[in-house]
1. Using the basic label-point model (7 angstrom from Cα toward the beta carbon), what is the L51 to E287 distance in nanometres?
2. Leaving out ligands and nucleic acids, note down the accessible area per residue over the stretch 179-274 with a 1.4 angstrom probe, in whole Å².
3. Show which aspartates and glutamates lie in cross-link reach of K188 when reach means a straight Cα distance below 18 angstrom and same-chain residues fewer than eight apart are skipped.
4. With a 1.4 Å probe and every protein chain kept in, tell me what percent of the accessible surface of the stretch 283-325 is carbon plus sulfur.
5. Could you tell me what percent of the accessible area of the stretch 185-231 is made up of carbon and sulfur, with a 1.4 Å probe and every protein chain present?
6. Obtain the nm distance between the two label points defined at L62 and K264 by a simple spin-label model: each point lies 7 Å from its Cα along the Cα-to-C-beta direction.
7. Pull up the cross-link candidates among the lysines for K280, meaning alpha carbon to alpha carbon under 23 Å and not fewer than 8 places away within one chain.
8. Tell me, what is the FRET efficiency for Y225 and K20 to the nearest 0.05, using R0 = 30 angstrom and their Cβ-Cβ distance as r?
Amino acid sequence: MAVTDPVDIRLLAALADLGKAAVHELAAKVGMDPREVAYRLVALSGSGLPLLVGVESDPNGLRAAIASAPPSWAQQPPQQPQRPPGHSGPHNVQGTPSGPYNVQGTPSGAYNVHGTPSGRYPGPPSAPVRQPMAPPPRPPAPPQQQFAPPPMAPADPVMSTWGVPQTASWARGDEQQVTPQAAPEGKKGRTGDVMETQGLEGEQLTVQLLEVQDPADYLFSAAGYSLEAGERSVVVHTEITNRGNIPFVSLPDNYLELLTADGKPIAKAPVSLTSRPPHKIGVRPGETLGGHTVYVLPDATRVVAVRWSPRPEPDERTLTWSIED
């Protein structure tokens, strides 16, 4: 199988170097959210790659956690009693070999609407009842009179599907008037500002943009990396505080991006500098942690802002700092 996704390629390359690692360790190495890493690994393992995703646990610890759970998890929905077919009594129509219930197999004239109508078992049409004995002048007439009403009921597909015209246009996908909604915007500030936000699980967070080093080529080279011609590196220093009681279990700068003058985001590079320590996964309640994020971009690109978000797509929890004077 050929892997084409650049994120999957970077993830598999890091895993190939480690050989065997926990999901959170691999996520820290490539600078990704552990949940996204786990999702991608499970998907890749099912695609034919020589990859096995496992789980290791403490059995006694898990049993202790399960013992404190409410007993409702073990309740199963009521199941139908296991009885052999044909022995369930009058309620089991399929297993009852009774003639009156088997309409398809009864060759009785009373059920044959096409033939001579029977006064004892008339069909839904009423025409045969009005003329039970008189022979029809034309043989095809009775079947046409009997079967003409059923196809006439749904004769108008517009009426049967959409109702009265111009009253159910909301159900027509090709006529819907979709009102474009503006993308939600979060808080905005400048370098040095401290802004409050929330994580995906409701964590109460405070994020501060401390410094933006642009360019930072000398730091990049000192760490043993090399830039291509026409490239430069940028280092962003941020600090995050968990003000609530819910632990923040993600990588703080997982979705920390640079914004260019034309509004395009630039994701972080999968490298870390020895002189500028990176962020670590997780921020406990009451804890404040800082870290540095590295970016590689074309030398001619003008960066105007730094954006933090708890998820890939910006929303009302997104924080944006302008770095232009």
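1. For the pair L51/E287, the computed spacing is 2.8 nm.
2. Working: 5080 Å² over 96 residues.
Solvent-accessible surface per residue comes out at 53 Å².
3. Of all the aspartates and glutamates, those that pass the test against K188 - Cα under 18 Å, at least 8 places apart if same chain - are E196, E211, E239, D253, E257, D262, E313, D315, E316, E324, D325.
4. On the way: 930 of 2000 Å².
Carbon plus sulfur share of accessible area: 47 percent.
5. Roughly 43 percent of what the probe reaches on the stretch 185-231 is carbon or sulfur.
6. Those two pseudo-labels are separated by 4.7 nm.
7. K20, K29, K268
8. Efficiency for this residue pair is about 0.70.
The values are calculated or read from the model by the stated rules, or taken from the named source; none is laboratory data. What you see is a predicted model, and the numbers here were worked out from it, not measured in a lab. Cβ: placed from backbone, ideal geometry, glycine included. Neighbour counts: every protein chain shown. Quick note on the areas: whole protein, heavy atoms, side chains included, nothing else; ligands and nucleic acids left out. Shrake-Rupley method; radii C 1.70, N 1.55, O 1.52, S 1.80 Å.
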